[in-house]
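Data first, discussion second: the structure below is written as structure tokens.
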Amino acid sequence: MTALAILFTMASLGLSETAYLIRKRKASELPVCPIGEDCVVVLNSRYNKFLGVHNEYLGFVFYAVVSLIAVLLVVGVGPRDLMAYFAKIMIFGASFASLFLLYIQWRVLKAWCFWCVMSAVTIFVMASVVLTSNITIL
Amino acid sequence: MNNYAFHVLRVGMAITFLWVGVLIFQSPEAWTGFIKPWVADILITTPEKAMIGTAIFDIIVGFLLLIDFWTFWASFFAALHLALVLLVSGIDAITVRDIGLLAGALAMAVNLWPENKNTRSL
């Protein structure tokens, strides 16, 4: 239960953050960068898209699916092992994507985006949870 | 209210409402123990169904707070709901924390009162 609670909390944080970035993009407004001033450099770079879709949209879908799986595992609906396996695949995939994007910020863009780093930290916490606990056991 | 403080409060409150909603869905019958007998007597439905309705309400409010959409109404109804919870379940060692949640929800609603939107946008 604790592992799923942490997963759900992290996914909710991610949902909140990506919802903010999506709202700002739809309104054609610049997001506020709470720490540093390079958010816009990163968010408007060509690396903020994958297959033509902005990363915040992909992130929103990722966090929504992980939070939904956490909810279904807690409530006890659906194939438990399959959902946990799917969540692990998604989280590890997102972790590698986050590592790549951190590298891009560090070495290529030479600019750091608060929201992107926060999202990476969120995903790394999720990865450490699924690595250190069995999320199929309540 | 400070801009960042508001959003920290909003997201924290959202996760609390969402998770409580999920936990009620997990075992609604266990949560009926919080309903006082005099309230159970005047319910127009079974306590289990009332708890499932509460879970749906909590999840909707939590989601609206999380994505910062209709936030005034979400925090207003969150405060109303928490006041109702304190009324129907009384204040004991567990529900006493709802006083803090009620204060947080009220603070957000007051901060977003339709005439006072200047401190909201991040």
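The values are calculated or read from the model by the stated rules, or taken from the named source; none is laboratory data. Just so we're clear, the structure is a prediction, and the values are computed from it rather than from any experiment. Using ideal geometry, Cβ is built from the backbone for each residue, glycine included, and neighbour counts are taken over all protein chains shown.
Test of understanding: among A:A84, A:A127, which residue is modelled with pLDDT of 95 or more and out of contact with any Asp or Glu (no Cβ under 6 Å at 6 or more places or on another chain)?
A:A127
Please count how many residues of region A:29-64 are away from chain B (no Cβ under 14 Å), under 17 Å from the mean Cα position of the chain (by Cα) and of a type in the set (G, A, S).
Quick first cut of region A:29-64, residues away from chain B (no Cβ under 14 Å) only: A:36-38, A:40-55, A:58, A:62.
Remaining after also requiring under 17 Å from the mean Cα position of the chain (by Cα): A:42-43, A:47-50, A:53-55, A:58, A:62.
Those still in the list that are of a type in the set (G, A, S) too: none.
Total meeting the criteria: 0.
Quick check on region A:65-87: of everything there that is within 14 Å of A:I6 (Cα to Cα) and under 18 Å from the mean Cα position of the chain (by Cα), which residue is surrounded by the fewest Cβ atoms within 10 Å (Cβ to Cβ)?
If we take residues in region A:65-87 being within 14 Å of A:I6 (Cα to Cα) and under 18 Å from the mean Cα position of the chain (by Cα), then A:L68 is surrounded by the fewest Cβ atoms within 10 Å (Cβ to Cβ).
Quick test of your reading of the structure: B:T16 fulfils all but one of (1) farther than 16 Å from B:G104 by Cα; (2) buried (at least 16 other Cβ atoms within 10 Å of the Cβ). Name the failing condition by number.
Only one criterion in (1) farther than 16 Å from B:G104 by Cα; (2) buried (at least 16 other Cβ atoms within 10 Å of the Cβ) is unmet by B:T16, namely (1).
Hey, can you tell me all the residues within region A:1-48 that are β-branched (V, I, T), surrounded by 20 or more Cβ atoms within 10 Å (Cβ to Cβ) and under 18 Å from A:V129 (Cα atoms)?
Matches in region A:1-48: A:T9 only.
So, in region A:79-131, how many residues would count as being among the polar types (S, T, N, Q) and without any contact (Cβ under 8 Å) to a residue 12 or more places away in the chain?
The first filter runs over region A:79-131 and keeps only residues among the polar types (S, T, N, Q), leaving A:95, A:98, A:105, A:119, A:122, A:128.
Filter once more, keeping what is without any contact (Cβ under 8 Å) to a residue 12 or more places away in the chain: A:128.
So the count comes out to 1.
Considering each of A:L58, A:L30, A:L51, A:L43 in turn, give the residue that is aliphatic (A, V, I, L, M) and modelled with pLDDT of 95 or more.
None of the other options fit; the residue is A:L58.
Within region A:65-95, work out how many residues are assigned to a loop (DSSP other than H, G, I, E, B) and either among the small types (G, A, S) or more than 14 Å from every other protein chain (Cβ to nearest Cβ) (or both).
3
Over 24 Å from A:T9 (Cα atoms) and in contact (Cβ under 8 Å) with a residue 24 or more places away in the chain: does that describe B:F34?
Taking the combined requirement at face value, the residue satisfies it.
Among the listed residues B:D92, B:D98, B:D41, identify the single one that is acidic (D, E), in a helix (DSSP H, G or I), surrounded by fewer than 16 Cβ atoms within 10 Å (Cβ to Cβ) and free of Cβ contacts under 8 Å to residues at least 40 places away in the same chain.
Being acidic (D, E), in a helix (DSSP H, G or I), surrounded by fewer than 16 Cβ atoms within 10 Å (Cβ to Cβ) and free of Cβ contacts under 8 Å to residues at least 40 places away in the same chain holds for just one of B:D92, B:D98, B:D41, which is B:D41.
Going through region B:44-67 one residue at a time, which ones are crowded, with 16+ Cβ neighbours inside 10 Å and not hydrophobic (A, V, I, L, M, F, W, C)?
If the condition is that a residue be crowded, with 16+ Cβ neighbours inside 10 Å and not hydrophobic (A, V, I, L, M, F, W, C), then B:P47, B:T54, B:D58, B:G62 are the ones that fit.
Kindly provide the set of residues from region B:1-32 that are part of a helix (DSSP H, G or I), over 18 Å from the mean Cα position of the chain (by Cα) and away from chain A (no Cβ under 11 Å), ordered by number.
Passing the criteria: B:A5, B:E29, B:A30.
Looking at the structure I just gave you, is B:A103 free of Cβ contacts under 8 Å to residues at least 12 places away in the same chain, under 30 Å from A:V32 (Cβ atoms) and in a helix (DSSP H, G or I)?
Details: free of Cβ contacts under 8 Å to residues at least 12 places away in the same chain: yes; under 30 Å from A:V32 (Cβ atoms): yes; in a helix (DSSP H, G or I): yes.
Spelling it out, B:A103 is indeed free of Cβ contacts under 8 Å to residues at least 12 places away in the same chain, under 30 Å from A:V32 (Cβ atoms) and in a helix (DSSP H, G or I).
Going through region A:21-42 one residue at a time, which ones are touching a residue at least 60 places away in the same chain (Cβ under 8 Å) and closer than 22 Å to B:V8 by Cβ?
A:L21, A:P31, A:C33, A:P34, A:I35, A:G36, A:C39
What tally of residues in region A:1-19 results from selecting those that are in a helix (DSSP H, G or I) and either in contact with a strand residue (DSSP E or B) (Cβ under 6 Å, 6 or more places away or on another chain) or more than 7 Å from every other protein chain (Cβ to nearest Cβ) (or both)?
Residues flagged as in a helix (DSSP H, G or I) and either in contact with a strand residue (DSSP E or B) (Cβ under 6 Å, 6 or more places away or on another chain) or more than 7 Å from every other protein chain (Cβ to nearest Cβ) (or both) within region A:1-19 amount to 10.
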